[in-house]
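Some notes on the structure that comes next.
Values quoted throughout were computed directly from the atomic coordinates according to the rules given, and no laboratory measurement underlies them. Since the model is a prediction, treat every value here as computed from it, not as a measurement. When we count neighbours, we look across all protein chains shown, and the Cβ atoms used for this are built from the backbone with ideal geometry, even at glycine.
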Amino acid sequence: MKINQAFFRTIWPVVEGGAVEIIDQTQLPHRLHIVRIENVEAMVHAIKHMQVRGAPLIGAAAAYGMALGIADGALDGDVERTGEVLLQSRPTAVNLRWAVQRMQRVLLALPEEERAVAAWREAAVICDEDVALNQAIGQHGLSMLRALASARGRGSAAQPLQILTHCNAGWLATVDWGTALAPIYAAHEAGLAVHVWVDETRPRNQGAALTAWELAQHGVPHTIISDNAGGHLMQHGKVDCVIVGADRVTASGDVCNKIGTYLKALAAHDNAVPFYAAVPSPTIDWSMQDGRREIPIEERDADEVHYMQGVTADGAVQRLRITPPGSAAANPAFDVTPARLVTGIITERGIASPAALHALFHTSD
Ligand SMILES: CSC[C@@H](O)[C@@H](O)C(=O)COP(=O)(O)O
């Protein structure tokens, strides 16, 4: 997608080899800062500290992390250890495990001397596939949005289709295009007028900082709202549908996504607003059925609740404490929306109800 009209992906190998570059998402929307990553430790740091984030991008970063980690030795033990190190970085997005296991499968099947080159090649394939999956999600989601717009008499500049999203599941959360935002970009390009309600998404404000920034870069009309405003807007008929991304979806269609998603799904259900999760297949964990019991939920540093980052009038990025010094804070980073609250899951193969998700992937090749 574009930054100041120039095409970017979120991650790319440097031309001279041996390193990758990323957009440092901890600096957005205030500063476009590119960081060069030269070893697996730096990649683990980037994932943990959310310089790269979003489930599909975490997977792509892990794939390049594998290439970096075996650059100086590619024995079976090196391939296994590098994977273990990367798997410790963040627990909830299943794309991390998916990418590490795929890289290990490909590499361990090759003679040791071929592995280093193959790792860079496979990581690039994973990135290209991610872009293609998200583009397909965009097209399937666009069909759904067109149908919704015609049912509601919306989609014109005067009466845009109103979509609410939570966190950032745009191109910044993937290699390109995004998941939840892919149908929105497709609609915008196709001339179907949309307006996006952007949940700020405390505590790290991925909505206010990242989703708003990338929508603005592409000229998509949007309004940032506080996390607590969505239910009110739905009660007043101001939301036609909700589309979110996911960090892990179970075989039964439970959707694990950024903390607060569940509350939006409850409000959507209460107001008969369709609730969709946009999910590429590497985000589906076919080994799990019960998301609430089985999905590991990341508990992040309490300081993310205590402090907020912003920019001062003179342009300096600053971190400010907003809580009293003696108060404790808890910071669960994700929650699980049960399948019963999910209208549909938008995948690269089409849109399925949670109950039909398994059949979508396992009966039609
Ligand atoms: C296409 S990204 C889907 C999810 O990863 C996204 O909605 C999300 O929850 C991101 O969480 P983050 O903690 O910013 O990595």
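How big is the range 2-70 by Rg and Dmax over its Cα atoms, in Å?
Gyration radius and largest Cα-Cα distance of the range 2-70: 11.6, 36 Å.
Compute the length gained on full extension between V14 and Q139: take 0.36 nm times their separation in residues and subtract their Cα-Cα distance, giving the result in nm to one decimal. Don't jump to the answer; show the numbers that get you there.
Details: separation 125, 0.36 × 125 = 45.00 nm, distance 3.09 nm.
Gain in length upon complete extension: 41.9 nm.
At 0.36 nm per residue, and after removing the present C-alpha to C-alpha distance, how many nm does the segment from V311 to Q88 gain when stretched out fully? Can you show the working numbers first?
On the way: separation 223, 0.36 × 223 = 80.28 nm, distance 3.20 nm.
Answer, rounded to one decimal: 77.1 nm.
Return the whole-Å distance between the Cα centroid of the range 228-253 and the Cα centroid of the range 47-99.
Cα centroid to Cα centroid, the span is 30 Å.
Taking the alpha-carbon centroid of each part, what is the distance from the range 128-186 to the range 307-365 in angstrom?
16 Å
Using only the Cα atoms, what convex hull volume per residue in Å³ does the range 236-365 have? Mind showing how you got there, number by number?
Details: hull volume 21.8 nm³, N = 130.
Dividing the Cα hull volume of the range 236-365 by its residue count gives 168 Å³.
Which value results for Rg/Rh of the range 2-127 when Rg is the Cα radius of gyration and Rh the Kirkwood radius based on the inverse mean 1/r? Display every interim value, and only then the final one.
Numbers: Rg = 14.0 Å, Rh = 14.4 Å.
Here the Rg-to-Rh quotient is 0.97.
Roughly how many debye, to the nearest 20, is the charge dipole of the chain about its Cα centre, given +1 on each Lys and Arg Cβ, -1 on each Asp and Glu Cβ, and no other charges?
Using Cβ point charges on Lys, Arg, Asp and Glu, the chain gives about 1240 debye.
Take the eigenvalues of the Cα gyration tensor for the chain, scale each by 5, and report the square roots as semi-axes in whole Å, largest first.
Details: eigenvalues 201, 117, 82 Å².
One finds semi-axes of 32, 24, 20 Å for the chain.
Could you compute Rg(Cα) / (2.2 N^0.38 Å) for the range 34-84, with N its residue count? Walk me through the intermediate numbers first.
On the way: Rg = 10.8 Å, N = 51, 2.2 N^0.38 = 9.8 Å.
Dividing the Cα radius of gyration by 2.2 N^0.38 Å gives 1.10.
Mind ranking 176-189, 268-281 by how tightly packed they are, going by the mean number of other C-beta atoms within 10 angstrom, highest first?
Numbers: 176-189: 26.0, 268-281: 20.9.
The peptides rank, most packed first, as 176-189, 268-281.
By average Cβ neighbour count within 10 Å, what is the ranking of 222-234, 302-314, 125-137 from highest down?
Working: 222-234: 17.1, 302-314: 13.3, 125-137: 20.2.
By packing density, highest mean first, the sequence is 125-137, 222-234, 302-314.
For q = 0.12 Å⁻¹, what log10 I(q)/I(0) does the range 308-362 give under the Debye formula with an equal point scatterer on each alpha carbon and no solvent?
Once normalised to I(0) and log-transformed, intensities are -0.62.
Cα to Cα, under 20 Å, and not fewer than 8 places away if on the same chain: which lysines meet these conditions relative to K48?
By straight Cα distance, K48 reaches K258.
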